[in-house]
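Notes follow once the structure below has been shown.
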Amino acid sequence: MTTKSCSSATASSGWVGEAGAVFWKDLRAELRSRYALNAMAIFAVTTLVVVSFSLGPQALPPPAVAALLWVVLFFAAIASLSRVFLREEEAHTAAALRLAAEPVHVYLGKLLFNLVLLLALDVLLVPLFLALMQARSGNLWLLALVLLLGSVGLAGATTIVAALIAKAAARGALFGGLAFPLLLPLLLAAVSGTRRALEGASCAAAGAELRLLVSFAVVMITASILLFEYVWSE
Amino acid sequence: MPLFWKLLCGVWVAGVIVAAFLGVGPAVGFRAPEAARILFFHVPTAWLAVLGFVLSMLHGIHYLHRRQLEHDRCSAVAAELGFLFCLLATVTGAIFAHVQWGAAWNWDPRETSIVALLLIYGAYFALRSAIDDEERRAALSASYAILAVLPMLFLIFVLPRVVDSLHPSDTVQSGGMSPSYRLVFFAALFGFTLLFVWIYRLRVGVERLALRREG
């Protein structure tokens, strides 16, 4: 395998550099067209307005707000995060990228890019969401922590699924279907953690949820790193 | 499968069904003691759903190692069987939940796990049907089967510790079952597993013939 033989050479140049290069390439391409960013923002804001509009002026209890927030976040992620690999297929640049970088570094670069997209979405959506839902702010530090850890896990699982479906037919519908079962534990923990944050609980009270989020992200990203070579070389 | 095992499987499963209804008395401590007999059929189907899932993953790992299409076919067959038993487990579980807890669905951790398993199987088949190239389909679906094990581990082992469960997971291990129930229970597990192996081997034989004809 060519990837094995060149691994020692790139190890000296540093995996951070190569993954960073993939990330910068994607970020610059994204900033040029803003395709994923626009699609994600318009999708998230539309969904949010639809939810808020259908509910009318009533304020919801924290469990309902937490559940709705993650439903919107999940679908906004599904609408845009598969772009990282689709773009390579559509522009026919996947083969060149395969030659230029090691699989693991491609994965890490793409993961970082998706994570940045998701965090941008969090920053845009969550304040708007809380304002429109008239939710009490509760424990903002805990909310930020749950959103950050949840986004890492979300990006970790969706990036490998995006690589899986890049060559399949009907991939738009497949992406959500494949990603959702993988994300079930994450969504359960994230919704529960967000609910606690909105209720104003301390970070210690949400320890179980935070531990679950951290371990989910670590397990998913580790497994993706191990599997990515097989997915990417297909 | 040799004739002896086929005969044994038929007689054994028939015996288990008779014993489940006539051999043991009603279970005490349940809201509907007579309905508790469903556990002799519900728990084996859930176990076979998980067995099919694990088999599918193991054949997936084999495929990624060896790149023999036979392993891919075995993986798909195991997933098909697992999906069948997963459906049965969901339905029997919902029936018993309705009788015992008053509602067919409560999002108890075990119920969440079985729904996740159903969705994973569904996604696995959707992925398979969306890829035309045979070797690519094999590699990608194998990767998905391996990846899908991880959330299941969380749902089965971590979630019940975080959320309260309605399922009596310790009853079997800690000997809360009466001896006669335990005997029929393990006999049912063995009998249905034998049935699973039988169907599995038949299906794998068919797939092998199809592979040989194609190439």
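The values are calculated or read from the model by the stated rules, or taken from the named source; none is laboratory data. Note that this is a predicted model, so its numbers are computed, not measured. Don't worry about glycine lacking a Cβ; one is built from the backbone with ideal geometry, like all the others, and counts go over all protein chains shown.
Just for segment A:158-217: of the residues that are aromatic (Phe, Trp, Tyr) and at the interface with chain B (Cβ under 7 Å from one of its Cβ atoms), which one is surrounded by the most Cβ atoms within 10 Å (Cβ to Cβ)?
Residues of segment A:158-217 that are aromatic (Phe, Trp, Tyr), as a first pass: A:175, A:180, A:216.
Narrowing the set further to residues that are at the interface with chain B (Cβ under 7 Å from one of its Cβ atoms) leaves A:180, A:216.
Details: A:PHE180: 19, A:PHE216: 28.
The residue in question is A:PHE216.
Reported count of residues in segment B:98-145, each being of a type outside the set (Phe, Trp, Tyr) and within 30 Å of A:SER192 (Cβ to Cβ), is 26.
Inspect segment B:47-62 for any residue being in contact with a Lys or Arg (Cβ under 9 Å, 6 or more places away or on another chain) and either part of a helix (DSSP H, G or I) or of a type outside the set (Lys, Arg) (or both) and give the result as yes or no. There is at least one residue in segment B:47-62 that is in contact with a Lys or Arg (Cβ under 9 Å, 6 or more places away or on another chain) and either part of a helix (DSSP H, G or I) or of a type outside the set (Lys, Arg) (or both). Just one of (1) within 14 Å of chain A (Cβ to nearest Cβ); (2) over 14 Å from B:PHE125 (Cβ atoms); (3) in a helix (DSSP H, G or I) fails for B:CYS74. It is (1). Are any of the residues in segment B:132-144 at the interface with chain A (Cβ under 7 Å from one of its Cβ atoms) and polar (S, T, N, Q)? Yes, there is a match, as at least one residue in segment B:132-144 is at the interface with chain A (Cβ under 7 Å from one of its Cβ atoms) and polar (S, T, N, Q). Residues of segment A:127-148 include at least one that is among the basic types (Lys, Arg) and surrounded by fewer than 20 Cβ atoms within 10 Å (Cβ to Cβ).
May I ask you to verify whether A:THR194 is over 30 Å from A:ALA168 (Cβ atoms), polar (S, T, N, Q) and in a helix (DSSP H, G or I)? Here the answer is yes, as A:THR194 does meet what is asked.
Residues that are of a type in the set (Gly, Ala, Ser) and within 15 Å of B:TYR124 (Cβ to Cβ) within segment A:177-199 comprise A:GLY177, A:ALA179, listed in sequence order. If you go through segment A:82-92 one residue at a time, do you hit one that is hydroxyl-bearing (Ser, Thr, Tyr), buried (at least 17 other Cβ atoms within 10 Å of the Cβ) and closer than 24 Å to A:ALA169 by Cβ? Looking through segment A:82-92, at least one residue is hydroxyl-bearing (Ser, Thr, Tyr), buried (at least 17 other Cβ atoms within 10 Å of the Cβ) and closer than 24 Å to A:ALA169 by Cβ. Screening segment A:1-39 for residues that are at pLDDT 50 or above and not in a helix (DSSP H, G or I) and picking the one that is farthest from A:ALA100 (Cα to Cα) gives A:ARG34. Tell me, please, whether a residue that is within 27 Å of B:VAL162 (Cβ to Cβ), at pLDDT 90 or above and outside any loop (DSSP other than H, G, I, E, B) can be found in segment B:34-44. For segment B:34-44, residues within 27 Å of B:VAL162 (Cβ to Cβ), at pLDDT 90 or above and outside any loop (DSSP other than H, G, I, E, B): present. For segment A:206-222, a residue qualifies if it is free of Cβ contacts under 8 Å to residues at least 24 places away in the same chain and not hydroxyl-bearing (Ser, Thr, Tyr), and the qualifying residues are A:GLY207, A:ALA208, A:ARG211, A:VAL218, A:VAL219.
Determine if segment B:104-114 includes at least one residue that is of a type in the set (Asp, Glu), assigned to a helix (DSSP H, G or I), surrounded by 15 or more Cβ atoms within 10 Å (Cβ to Cβ) and modelled with pLDDT under 95. Within segment B:104-114, one or more residues are of a type in the set (Asp, Glu), assigned to a helix (DSSP H, G or I), surrounded by 15 or more Cβ atoms within 10 Å (Cβ to Cβ) and modelled with pLDDT under 95. Within segment A:134-154, the presence of a residue that is free of Cβ contacts under 8 Å to residues at least 60 places away in the same chain and either basic (Lys, Arg) or at the interface with another protein chain (Cβ under 9 Å from one of its Cβ atoms) (or both) is excluded.
Tell me, yes or no, whether segment B:76-94 has at least one residue that is farther than 30 Å from B:ARG201 by Cβ and either free of Cβ contacts under 8 Å to residues at least 40 places away in the same chain or within 19 Å of the chain's Cα centre (by Cα) (or both).
From segment B:76-94, those farther than 30 Å from B:ARG201 by Cβ are B:94; that's our starting set.
Applying the additional criterion that residues be either free of Cβ contacts under 8 Å to residues at least 40 places away in the same chain or within 19 Å of the chain's Cα centre (by Cα) (or both) yields B:94.
Yes: one or more hits.
Would you mention how many residues in segment B:104-143 are hydrophobic (A, V, I, L, M, F, W, C) and touching a residue at least 40 places away in the same chain (Cβ under 8 Å)?
So the first thing to find is which residues in segment B:104-143 are hydrophobic (A, V, I, L, M, F, W, C), and the list is B:104-105, B:107, B:114-120, B:123, B:125-127, B:130-131, B:138-140, B:142.
From what's left, touching a residue at least 40 places away in the same chain (Cβ under 8 Å): B:114, B:117, B:120, B:125, B:138-139, B:142.
Qualifying residue count, segment B:104-143: 7.
On the basis of being out of contact with any His (no Cβ under 9 Å at 6 or more places or on another chain), among the hydroxyl-bearing types (Ser, Thr, Tyr) and in a helix (DSSP H, G or I), does A:SER137 make the cut? Considered against the rule, which asks whether it is out of contact with any His (no Cβ under 9 Å at 6 or more places or on another chain), among the hydroxyl-bearing types (Ser, Thr, Tyr) and in a helix (DSSP H, G or I), A:SER137 comes out as no.
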